[in-house]
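Asker: One structure, pasted below without further comment.
No value in this document is a laboratory result; all are computed from the given coordinates. None of these values were measured; they are calculated from a predicted model. Here the Cβ positions follow ideal geometry from the backbone for every residue, glycine too, while neighbour counts run over all protein chains shown.
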Amino acid sequence: MLRSRGLQNRKQELAVNLQAGIVISLVITVVGGVALAVPKQYVWIGDQTGYSPVQPIEFSHKVHAKDNSIQCEYCHSGARNGPVAGIPSAQVCMNCHSEVKKDSPEVRKIAAAVQNNRPIEWVRVHDVPDFVRFDHSAHVNKGVACQTCHGPVETMARIEQTQHLSMGWCVGCHREYTRRPPKGFTNVNASVECSTCHF
C-alpha cells in the first residue's frame, strides 16, 4: 500500500513537471516566433534606428542641403580626407549667416557661440561602438553616397538615424559594393576581413 502511494505521488510529480515543461516550451516558442516575425524590435542589440534627438540649434538639413544645394562636404569637411566627417564649427555656419537670416533666433545662438568662443554642443546621432573603426574617407572616395548610411538627410528637418549600422548591415553593404561598384568605379574590393573594421 505504501509502495503504491509512493508510485502514485511520483506519477503526479511527473505529470506536474510535464505540464510545466509544456508551458515553458510554449512560452519560448511564442517569444521566439515574435522575435523572428518582428526582428527590428528584438534582434538588433543597440539599434538606434529612428533616433532623432533635439539639438541645441534647430538645424534643418532640408533647408541647407536640398533647398539651398549646399554640398555635405562644405560643412562635413573631413569626410573625404579622414576617418571623421566632423561637425562644422560655428564659424563655418557664420560664413553665410553673418549675412543670411542673421536676425533668426537660431542664428543668434550660433553668433553668441562664436562671440563667446564656445562650441555648440551637438548631440551625436550616428555612432558605432568604440571597438569599431569606421573611416569616412575610405567610403566617400569609393563613391559611397552619404545617404547610403545616413539616409535621405537632404529631406530631414531634424537628423534621424535611418540604418541600424550593425556589423551584418555593413558586411552586406561591403559585399554588395564589391559585386556591383557605384557608377564610375571599378575594381571595388570592400573587405570583409575582421581587422578592416576592428582593432
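Asker: Can you check what the net charge comes to around residue 61, using other residues whose Cβ is under 11 Å from the Cβ of residue 61 (Lys, Arg +1; Asp, Glu -1)?
Answerer: 0
Asker: So if each residue of separation counts as 0.36 nm, and I subtract the Cα-Cα distance between residue 183 and residue 48, what length gain in nm does that give?
Answerer: Numbers: separation 135, 0.36 × 135 = 48.60 nm, distance 2.99 nm.
Length gained, residue 183 through residue 48: 45.6 nm.
Asker: Counting pairs of alpha carbon atoms under 8 Å apart in space and at least six apart in sequence, what relative contact order in percent does the chain give?
Answerer: Values: 186 pairs, mean separation 51.9, N = 199.
Relative contact order comes out at 26 percent.
Asker: Tell me, what is the FRET efficiency for residue 67 and residue 199 to the nearest 0.05, using R0 = 45 angstrom and their Cβ-Cβ distance as r? Present the calculation step by step, with values, prior to reporting the outcome.
Answerer: Values: r = 41 Å, r/R0 = 0.90.
The calculated FRET efficiency here is 0.65.
Asker: Counting Lys and Arg as +1 and Asp and Glu as -1, what is the net charge of the other residues whose Cβ lies under 14 Å from the Cβ of residue 154?
Answerer: Combined, the nearby Lys, Arg, Asp and Glu give 0.
Asker: Something else about it: Please give every one of the lysines within straight-line cross-link reach of residue 109, meaning a C-alpha to C-alpha distance under 30 Å, and leave out same-chain neighbours fewer than 8 residues apart.
Answerer: Here the lysines satisfying the reach criterion relative to residue 109 are 62, 66, 101.
Asker: Further question on the same structure: Evaluate the relative contact order of region 53-119 (contact order divided by residue number), counting alpha-carbon pairs under 8 angstrom at least 6 apart; express in whole percent.
Answerer: 24 percent
Asker: Let me ask something else about it. Between 91, 48, 163, which gets the highest mean-square fluctuation from a Gaussian network model of the chain, Cα cutoff 10 Å?
Answerer: 91
Asker: Given 0.36 nm per residue, what is the gain on full extension from residue 148 to residue 117 after removing their alpha carbon distance, in nm?
Answerer: Fully extending the segment from residue 148 to residue 117 adds 7.7 nm.
Asker: So, one more: How much net charge surrounds residue 82 when only other residues with a Cβ under 13 Å from its Cβ are counted (Lys, Arg +1; Asp, Glu -1)? Write down the numbers at each step before the final one.
Answerer: Values: positive: 80, 133; negative: 73, 135.
Residues close to residue 82 contribute a combined charge of 0.
Asker: At a Förster distance of 35 Å, what's the computed FRET efficiency of residue 60 paired with residue 169, Cβ-Cβ distance as r, to 0.05? The partial results should precede the final answer.
Answerer: Values: r = 27 Å, r/R0 = 0.77.
With a Förster radius of 35 Å, E is 0.85.
Asker: Could you pull out every whole DSSP H run in the chain that spans at least 27 Å of Cα extent along its own axis and averages -1.0 or higher on the Kyte-Doolittle scale?
Answerer: 2-37
Asker: What span do the alpha-carbon atoms of the chain cover on each of the three principal axes, reported in whole Å from largest to smallest?
Answerer: Between the extreme Cα coordinates on each principal axis of the chain lie 101, 47, 31 Å.
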